[in-house]
Amino acid sequence: MVFDPRNVQDRPSIRTDPPRWADNHDDTGDNGGVRVLVVEDDTSIARSLNDSLSDAGFTVTHVANGRDAIAAAGEADVILLDLGLPDIDGYDVCRTVRAESSVPIIVVTARSEEFDRVLGLELGADDYMVKPFGFRELVARIRAVTRRAGTDLDRADEATSPTIVVGPLTIDRRAHRVLFADTEVLLTPKEFELLAYLAEDAGAVRTRADIVEHVWDANWFGPTKTVDAHVAGIRKKLGDPRWIEAVRGVGFRLEQPG
Ligand code: CA
């Protein structure tokens, strides 16, 4: 099943063709209690997403404009954000929500050309999808971003030291907080994972492949520019680009600027 605005407009409802995985209890069982905020002004697409996500076990709230999205963001575990909204530009919604919260945001764009714009603006989105997209892919991405945001307690149990300190930088995996000289640095879930991954072995180079596999997923096939965009975001928030050094042709290294 694919969400294509052109097809959906011709079909008032896709409920006549329920997704095959809806009967798969292994699939639905993992999604219970995850609150998805669907921000979408196209009522046909919104209804389809609402029905399908609900069937998959998610708790879905739908809003059709940016103002309501910002108001509802605090109650969500993950936000599915359409960029083309009638009142506030989706980019501004993303930035506004991100300024106040680290809730995972999956941006939905209508055109693939917007990839660069999404990344270039460093919106703080955690992932993005281009319409039309498959529902299985959407569910996989929702799970990936929510798992990443929510399982840091589990990871902290495994880690020998849940708190990583590099000079003035303190990364607390247990509290999912980053402090820079006692001031909190608000990072997105992926920025947090990336920074923590680099800081675990400060001074060592992490390859791009290792970064993608660790911070994103082994089965993640997005553009490698995403890593650069997140590095740029962290550098900006730390206030000194020298914290993360790019090692040409290899990857990235975190080190306290000397
Ligand atoms: Ca729209």
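Taking only the C-alpha atoms of the stretch 159-254, Rg followed by Dmax gives 12.6, 37 Å. Given K131/K236; K190/K237; K131/K237, which pairs have Cα atoms separated by over 19 Å? From the list (K131/K236; K190/K237; K131/K237), the Cα-Cα distance tops 19 Å for K131/K236; K131/K237. Ranked from largest to smallest solvent-accessible area, with a 1.4 Å probe on the protein heavy atoms, H176, H230 come out as H176, H230.
The values are calculated or read from the model by the stated rules, or taken from the named source; none is laboratory data. Just so we're clear, the structure is a prediction, and the values are computed from it rather than from any experiment. With ligands, DNA and RNA removed, areas are computed over all heavy atoms of the protein, side chains included. Shrake-Rupley method; radii C 1.70, N 1.55, O 1.52, S 1.80 Å.
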